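Have a look at the structure below before the remarks.
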Amino acid sequence: MTHLSHSSFGGFSHASQQAEHWVKELAKDLNWSEPSAYRLMRSVLHTLRDWLSTAEMADLSAQLPVLIRGVYFDGWKPSSTPVCERKKRDFIASVRASFGYDDDVDFDVALNAVFALLERHISHGEIVQVRNSLKKSLRQLWPAD
C-alpha cells in the first residue's frame, strides 16, 4: 500500500483550497451559490478550451491551479477541437448548453465575471494572447484593460 507523504498531502490540500477560493470568489462576484458558480466556471472553461488552438489551450492550462486544470481538461476530445463556430452567440450558446438553461442568468454578465476571475489570476501576457486569439465580438465579453 502506498502512502502519501506529508508534503504531497499538503500540496493536495493547497490545491483544494485554491480551487475552492476561485469558486467562492466567482460566487461572490455574481452573488450566486457556489455550486452554480462552479457549474458556470466549468462551462466557460470547457467552451474556451474548445475554441482555442491546441497551443494556446495548453499555454492557458499551464497557468491554472492544478484542480481547476483538471476541470478544464475533463471531458476534452482533442479530435473535435478547436470548434469552427467563432461567433459570440455560438460561444454563449455553448456555455448555456453546458451550464443548463436558466432564464435568470444573463450570460453576458456571467461570462464577463469568469473572464474577470481569469484576468485576476492569470498572467497579463497569457490573458492578452487568449483574448487576441478570439474573435472581436467575443473579446467584448472580457473586462476592458
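Couple of notes before you dig in:
- Helix-derived mean residue ellipticity, 222 nm - over the chain, DSSP H n ≥ 4, -39500 (n - 2.57), to 500: -21500 deg cm²/dmol
- Relative contact order for the stretch 18-139, counting Cα pairs under 8 Å that sit 6 or more residues apart, in percent: 34
- The alpha carbon centroids of the stretch 11-31 and the stretch 39-64 are separated by 17 Å.
- Loop-located chymotrypsin sites (Phe, Trp or Tyr not before Pro) in the stretch 13-120 whose Cβ has at most 12 other Cβ within 10 Å (DSSP): 101
- For the stretch 41-145, GluC sites (Glu not before Pro) are listed when DSSP marks them as loop and at most 15 other Cβ atoms sit within 10 Å of their Cβ; the list is 85.
- Proximal lysines relative to residue 135, as straight alpha-carbon distance under 28 Å, when same-chain residues fewer than 8 apart are discounted: 77, 87, 88
- The Cβ shell under 15 Å around residue 61 holds other residues with a net charge of -2, Lys and Arg each +1, Asp and Glu each -1.
- Three-way shape call for the chain based on the alpha-carbon gyration tensor, with the a/c threshold at 1.5: prolate
A short reminder: the numbers here are calculations on the coordinates, not readings from a lab. No experiment lies behind these values; they were computed from the predicted model shown. No Cβ is skipped: glycine too gets one built from the backbone with ideal geometry, and neighbour counts run over all protein chains shown.
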